[in-house]
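Here is the structure we will look at.
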Amino acid sequence: MSSVFITGIGIVSALGIGVRAQREKLVAGISGLKSAHFLNSIHKTEFPFGEVPYTTVELFSTLSDRGELQQSRLQALGALALEECLSSCSTPSGFIRQGLINATTVGGMTDIEDRYFELIQPGILDGDTDWASGLDCATGTEHLARRFGLTDFMTTISTACSSSANALQYGARLLQQGHLDRVVCGGVDSLTRFTVNGFNSLKNLDKELCKPFDVNRNGLNLGEGAAYLVLETEKGLQLSGNHPLAILSGYSNFNEAFHPTAPSPEGVGAFEAMKRAIEKSGLEPAAISYINAHGTATLNNDESEGRAIRRLFGDSIPPFSSTKEYTGHTLAAAGAIEAVFSVLSLHHQEIYPGLNFTTPIPGIELVPAKEYQQTTLNHILSNSFGFGGNNASLLFSKYD
Amino acid sequence: MISPLYIRSARAISAQESFASNDLSKEIRSITGNRFVYIEPNYQQYFTIMQLRRMSRLTRIGLVTAIECLKDAGISQPEAILTGTGKGSLHDTEKFMHAIREFQEGTLNPSPFIQSTYNSLNGLIGLHHQVNSYNTTYVHSGFSLEHAMLDAALLFGDNTIGNALIGAFEEMTDEHYIIKEKLGFWKNGAVSGEGCFFFYAEKDKNGSALAIEDIKLWFEPEENQIRQGLEELLSSHQIDWNDIDVFISGRNNDKRYDHYYNLVADKLPSSTHHIHFKHLSGEFDTAAGFGIWAAARMAEMKRIFPSLLLKEGSRDNIKHILFYNQYYGKQHVVYLMKTTA
């Protein structure tokens, strides 16, 4: 299979707009988690959130050209990440086949939920109802594709918290089998009352800052954001002249068929996803320099992921940490956001410190990286695990 | 070109009696109001009452369709599960939105939230059959099923898997019907529908009756792009318009879009059979699944279902089937299929 090169990245998260804003906070160990301002929920100050610190209007005003985008927080976040992503690399000259593989868990729910009950009243037919189309996951993707000239080929994936990790995998396959020359992959989710109450009903939200891999972890913090990566083949590089930031060298999707919302305690799915991603790259586990863990800080996830890491790497566990303490769990965007962080780590040869950790989980005894450090990094594994037993792992390698 | 998907079995739950007999031999059911509603099977043989209670309207039919599809193929554990849905379990999404409002974000039952997740059916199928595998869900309106198909073909192409369960599922609700009405979906003749379709496909021929040889996807294309794309598709498979024995179109009675289908029909010889299917299923994001199911069953049974005939041709021997569907002018999909008998 031909190599898949990453040539562009763009991102928005609670850490701010753009790659530079993210890295400044990551290097300094500054979290973006705090009470929400813009989320319309009675829970907005009860839990910490990784809310992007701007109103939707402010987000749109940051865009160079809004085009025909709908008045949507989802689309504003997506457009900001895509704008940076596409301007960070050059577009090949001549005819190329390109596409957009997007991911989201609830589409434009944020933009709809406040007006939903008005929308379902049979009698009232007001003039402009176009905004109602935002409930459909395809709508956001299509508006973004039109705005950025990516309408030749597009789709949207929704596999809960592994959605955008799967978007990257599908994009890689489309490139490797010659269906596309260049593909933009990623995901976006905005904070919604729907999802906040969903995770709250599952008792999965921590009222304090989340504590991945800590014995006293008590749930996750939800976040929002978007991230996109440009993937190109060797042929694409020749046409674009882009210099790769990293290589997507392995990937895997594995469903463990254990429980609708909880992972198996021994982490079968996490183990297989990581193992298969490494196998696909032709590497051995010993070659992995760092793991960007899923690390949501729920009781179940960190235990099963921790056990899987133990089992796969034995006594020589590479440095690992979760970046959920910075951004919150951004659901469908998480895989792509952490892919961007992995690319940054490889590019700058640095590990970002895990936060809020004090005591390891007994029996697993894993201690995440707690200090910022510069070190040699060749291969980074990034995990995204979701509802329904959906596990995905991506492997990023340094480009020399 | 894709690695062909050899369809070994196909199942459909639709507004017609398509499930038990797995054909369209029963009397055709006409529509009530402006909505085709799918016929639910008898769940007793599949689930206990407790299991049934935990599942929603859409996940029930989804799981039952998948179970029977795999049973027909004699397979208990496929190597991948790929699905497409435009809206997922709308009942659950709505139920959770109502609960949030009614209980003012208080203590809520998490079940509707969990089942509203688009990939929850995939997880259930995996759980039911204990399938540890590749598992994904595409949620892009009129492209949803097609990306599940295309992804399966890619996974065949790089030898990740040798077989896959591929499906689509959709439901309509009273509330969503109103929303779509306000968005203008029903005002020009199209009728609302719903259904669930599963296909078991293999990389190798192994006694399948129908192969999906290629899939083309265009978003909001110009007519020229469709024309050119179809010419290229046919020539890349070394056939021409005269080789098409059956043309299946996604006509939905909305006259605004007939010109797309006419563009293809005009190219075909008079001997080609023309088939449509939305007059029996209604229109929805993944309605194409009903047409693909019909194609697979007709190939297997070596006859054309009379209730689907729009214009009878004269071909006795069915080899090449061209399928074209578009969803409100946005997502246009073409399948090139070939019978293998």
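The values are calculated or read from the model by the stated rules, or taken from the named source; none is laboratory data. As the structure is a prediction and not an experimental result, all values here were calculated from the model. Note that we place each Cβ from the backbone using ideal geometry, even for glycine, and neighbour counts take in every protein chain shown. These area figures cover heavy atoms from the full protein model, side chains too; ligands, DNA and RNA do not enter into them. Shrake-Rupley method; radii C 1.70, N 1.55, O 1.52, S 1.80 Å.
Applying the selection to the stretch B:153-173, what residues are of a type outside the set (A, V, I, L, M) and either within 22 Å of the chain's Cα centre (by Cα) or facing another protein chain (nearest Cβ under 7 Å) (or both)?
The answer is B:156, B:157, B:158, B:162, B:163, B:167, B:169, B:170, B:171, B:173.
From the list A:72, A:35, pick out the single residue that is open to solvent by 30 Å² or more (accessible area, probe 1.4 Å) and among the small types (Gly, Ala, Ser).
Within the list A:72, A:35, the selection yields A:35.
Given the criteria out of contact with any strand residue (DSSP E or B) (no Cβ under 7 Å at 6 or more places or on another chain), more than 14 Å from every other protein chain (Cβ to nearest Cβ) and assigned to a helix (DSSP H, G or I), does residue A:208 qualify?
So residue A:208 does not fit the description; no.
Assess whether residue A:354 counts as being part of a loop (DSSP other than H, G, I, E, B), under 30 Å from residue A:194 (Cα atoms) and under 18 Å from the mean Cα position of the chain (by Cα).
Taking the combined requirement at face value, the residue satisfies it.
Can you find, within the stretch A:114-130, the residue that is modelled with the lowest pLDDT among those that are closer than 12 Å to residue B:180 by Cα and either open to solvent by less than 80 Å² (accessible area, probe 1.4 Å) or assigned to a helix (DSSP H, G or I) (or both)?
Among residues in the stretch A:114-130 that are closer than 12 Å to residue B:180 by Cα and either open to solvent by less than 80 Å² (accessible area, probe 1.4 Å) or assigned to a helix (DSSP H, G or I) (or both), the one modelled with the lowest pLDDT is A:129.
Restricting to the stretch A:350-365, name every residue that is in contact with a strand residue (DSSP E or B) (Cβ under 9 Å, 6 or more places away or on another chain) and charged (D, E, K, R).
A:350
Open to solvent by less than 50 Å² (accessible area, probe 1.4 Å), closer than 18 Å to residue B:286 by Cβ and more than 14 Å from every other protein chain (Cβ to nearest Cβ): does that describe residue B:61?
yes
I'd like the residue in the stretch A:240-273 that is more than 9 Å from chain B (Cβ to nearest Cβ) and under 17 Å from residue B:119 (Cα atoms) and, out of all such residues, is surrounded by the most Cβ atoms within 10 Å (Cβ to Cβ).
Filtering first and then ranking leaves A:263.
Within the stretch B:80-100, how many residues turn out to be charged (D, E, K, R) and in contact with a Phe, Trp or Tyr (Cβ under 7 Å, 6 or more places away or on another chain)?
Adding up the residues that qualify gives 0.
Mind checking whether some residue in the stretch B:200-212 is farther than 27 Å from residue B:33 by Cα, in a strand (DSSP E or B), more than 9 Å from chain A (Cβ to nearest Cβ) and open to solvent by 30 Å² or more (accessible area, probe 1.4 Å)?
no
Whether any residue in the stretch A:78-100 is assigned by TED's automatic domain parsing to the domain that holds residue A:176, assigned to a helix (DSSP H, G or I), surrounded by fewer than 24 Cβ atoms within 10 Å (Cβ to Cβ) and of a type in the set (Val, Ile, Thr) is what I want to check.
Looking through the stretch A:78-100, none of the residues is assigned by TED's automatic domain parsing to the domain that holds residue A:176, assigned to a helix (DSSP H, G or I), surrounded by fewer than 24 Cβ atoms within 10 Å (Cβ to Cβ) and of a type in the set (Val, Ile, Thr).
Suppose we keep only residues that are out of contact with any Ser or Thr (no Cβ under 7 Å at 6 or more places or on another chain) and open to solvent by 10 Å² or more (accessible area, probe 1.4 Å) within the stretch B:142-160. Which one would you say is nearest to residue A:174 (Cα to Cα)?
Within the stretch B:142-160, the match that is nearest to residue A:174 (Cα to Cα) is B:158.
Of all residues in the stretch B:125-141 being open to solvent by 10 Å² or more (accessible area, probe 1.4 Å) and more than 7 Å from every other protein chain (Cβ to nearest Cβ), which is farthest from residue B:47 (Cα to Cα)?
B:129
Could you tell me whether residue A:171 is assigned to a strand (DSSP E or B) and touching a Gly at 6+ places or on another chain (Cβ under 8 Å)?
Considered against the rule, which asks whether it is assigned to a strand (DSSP E or B) and touching a Gly at 6+ places or on another chain (Cβ under 8 Å), residue A:171 comes out as no.
Taking the condition crowded, with 24+ Cβ neighbours inside 10 Å, assigned by TED's automatic domain parsing to the domain that holds residue A:71 and in contact with a His (Cβ under 8 Å, 6 or more places away or on another chain), does residue A:222 pass?
In short, yes.
Go over the candidates B:49, B:114, B:67, B:28 one by one and state the one that is within 13 Å of chain A (Cβ to nearest Cβ) and of a type in the set (A, V, I, L, M).
B:114
If residue B:150 meets every condition in (1) in a helix (DSSP H, G or I); (2) at the interface with chain A (Cβ under 7 Å from one of its Cβ atoms) apart from one, which number is that one?
That leaves (2) as the condition not met.
Tell me the strands (runs of 3 or more DSSP E) entirely within the stretch B:273-341 that contain at least 3 residues that are open to solvent by less than 10 Å² (accessible area, probe 1.4 Å) and in the same structural domain as residue B:238 (by TED's automatic domain parsing).
B:320-327, B:331-339
Pick out the one residue from B:270, B:235 that is surrounded by fewer than 16 Cβ atoms within 10 Å (Cβ to Cβ), hydroxyl-bearing (Ser, Thr, Tyr) and assigned to a loop (DSSP other than H, G, I, E, B).
After applying the criteria, what remains is B:270.
State yes or no: is residue B:187 modelled with pLDDT under 95, outside the structural domain of residue B:301 (by TED's automatic domain parsing) and open to solvent by less than 30 Å² (accessible area, probe 1.4 Å)?
For residue B:187, the condition - modelled with pLDDT under 95, outside the structural domain of residue B:301 (by TED's automatic domain parsing) and open to solvent by less than 30 Å² (accessible area, probe 1.4 Å) - is not met.
Take the stretch A:272-299 and flag every residue that is over 19 Å from residue A:378 (Cα atoms) and either assigned to a loop (DSSP other than H, G, I, E, B) or in contact with a strand residue (DSSP E or B) (Cβ under 9 Å, 6 or more places away or on another chain) (or both).
A:272, A:273, A:294, A:295, A:296, A:297, A:298
Among the candidates A:115, A:182, A:146, A:97, which residue alone is facing chain B (nearest Cβ under 9 Å) and basic (Lys, Arg)?
Residue meeting the stated conditions: A:146.
Check the stretch A:300-318 and report whether any residue there is part of a helix (DSSP H, G or I), within 29 Å of residue A:7 (Cβ to Cβ) and open to solvent by 10 Å² or more (accessible area, probe 1.4 Å).
So far as the stretch A:300-318 goes, no, none of its residues is part of a helix (DSSP H, G or I), within 29 Å of residue A:7 (Cβ to Cβ) and open to solvent by 10 Å² or more (accessible area, probe 1.4 Å).
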